[in-house]
Amino acid sequence: MATWAYLNFQDSASPLMEQLIFFHDHIMLVIVLIVTFVGYVMSTLFFNSFINRYMLENQPIEVIWTSVPALILIFIALPSLRLLYLLDEVNSPSMTLKTIGHQWYWSYEYSDFLQVEFDSYMIPSNELETSGFRLLDVDNRTVLPMNTQIRVLITAADVIHSWTVPSLGIKADAIPGRLNQSSFLINRPGLFYGQCSEICGANHSFMPIVIESISINSFLNWISLSIENSPNEP
């Protein structure tokens, strides 16, 4: 999770987030080179009183400063398009999680299992344990298996929300009457925190997301206990 004054990305926990970080570094390299070159040229203009009279009107330099930015934009656009298609790809998911945004909490349904659903509320500060994180911990964590392709279906019951987990590279709008779809794979165990990223009302910042990534065997044990403890259908 992010810490105080931390300006970089969170450590990635999925291949998608790794690709997003690589793309960010790629763009930053291009930006640093451009800023350095332009800054050098501007500094020479400030401190140089001479001028080349042949450059007042010169077709070759016009071609150069038009074509070079176009090539730079292509150098940026091709990895960006590749990443956009990767983020939208759903690769034969092994399980499906449905998440529903409410004012102001999340509901989760494990669609592959019967009667496994729960609400996830933020733990109030006066009920929080010493080891807990204020405004981030929830009473029911979303338990998911690691190294498993997971599809998440996202919608809302009232207003527009946004289900976001930065370390997984996931951000999808939860829109009433619409079912959005995303996919991810968690490649390590741990707790991954997120929050609603849409201004959905007065308590917008109080609907956190906590994903607990565990091994597949531990997940099967957890899902078995959840099914046993779930109330019977009427």
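Residues that are in contact (Cβ under 8 Å) with a residue 12 or more places away in the chain and loosely packed, with under 13 Cβ neighbours inside 10 Å within segment 17-33 comprise just one, His24. You will find that of Asn147, Asn91, Asn140, the residue that is in a loop (DSSP other than H, G, I, E, B), in contact (Cβ under 8 Å) with a residue 12 or more places away in the chain and in contact with a Phe, Trp or Tyr (Cβ under 6 Å, 6 or more places away or on another chain) is Asn140 and no other. Among the numbered criteria (1) surrounded by fewer than 11 Cβ atoms within 10 Å (Cβ to Cβ); (2) closer than 27 Å to Pro189 by Cβ, which one does Ala2 miss? For Ala2, the failing item is (1).
Residues in segment 47-85 that are open to solvent by less than 90 Å² (accessible area, probe 1.4 Å) and not in a helix (DSSP H, G or I): Asn48, Asn52, Asn58. Is segment 59-66 home to any residue that is within 30 Å of Ile170 (Cβ to Cβ) and of a type in the set (Val, Ile, Thr)? No: zero hits.
When segment 168-196 is filtered for residues that are polar (S, T, N, Q) and crowded, with 17+ Cβ neighbours inside 10 Å, the ones remaining, listed by number, are Ser182, Ser183, Gln195.
If you filter segment 108-123 down to residues that are closer than 18 Å to Ser94 by Cα and hydrophobic (A, V, I, L, M, F, W, C), you find that the one that is least open to solvent (accessible area, probe 1.4 Å) is Val116.
Of Ile74, Ile61, Ile51, all but one fail to be out of contact with any strand residue (DSSP E or B) (no Cβ under 7 Å at 6 or more places or on another chain), modelled with pLDDT of 90 or more and not assigned by the TED database to the domain that holds Leu185; the exception is Ile74. Taken over segment 1-59, the criterion of being of a type in the set (Gly, Ala, Ser) and closer than 30 Å to Arg151 by Cα is satisfied by Ala2, Ser12, Ala13, Ser14. Return the residues of segment 193-221 that are part of a strand (DSSP E or B) and charged (D, E, K, R); say none if nothing qualifies. Answer for segment 193-221, where residues must be part of a strand (DSSP E or B) and charged (D, E, K, R): just Glu212. Of all residues in segment 162-178, those that are touching a residue at least 60 places away in the same chain (Cβ under 8 Å) and within 16 Å of Asp88 (Cα to Cα) have Cβ atoms under 9 Å from Cβ atoms of residues that are among the basic types (Lys, Arg) and surrounded by fewer than 17 Cβ atoms within 10 Å (Cβ to Cβ), 6 or more apart or on another chain, in Trp163/Lys171. Scanning segment 124-151 for residues being farther than 15 Å from Pro208 by Cα, out of contact with any Pro (no Cβ under 9 Å at 6 or more places or on another chain) and either of a type in the set (Val, Ile, Thr) or open to solvent by less than 50 Å² (accessible area, probe 1.4 Å) (or both) gives a total of 3.
The values are calculated or read from the model by the stated rules, or taken from the named source; none is laboratory data. Quick caveat: nothing in here was measured; it's all calculated off a predicted structure. Neighbour counts run over all protein chains shown; Cβ positions are idealised from the backbone, glycine included. Side chains included, ligands, DNA and RNA excluded: accessible areas come from the protein's heavy atoms. Shrake-Rupley method; radii C 1.70, N 1.55, O 1.52, S 1.80 Å.
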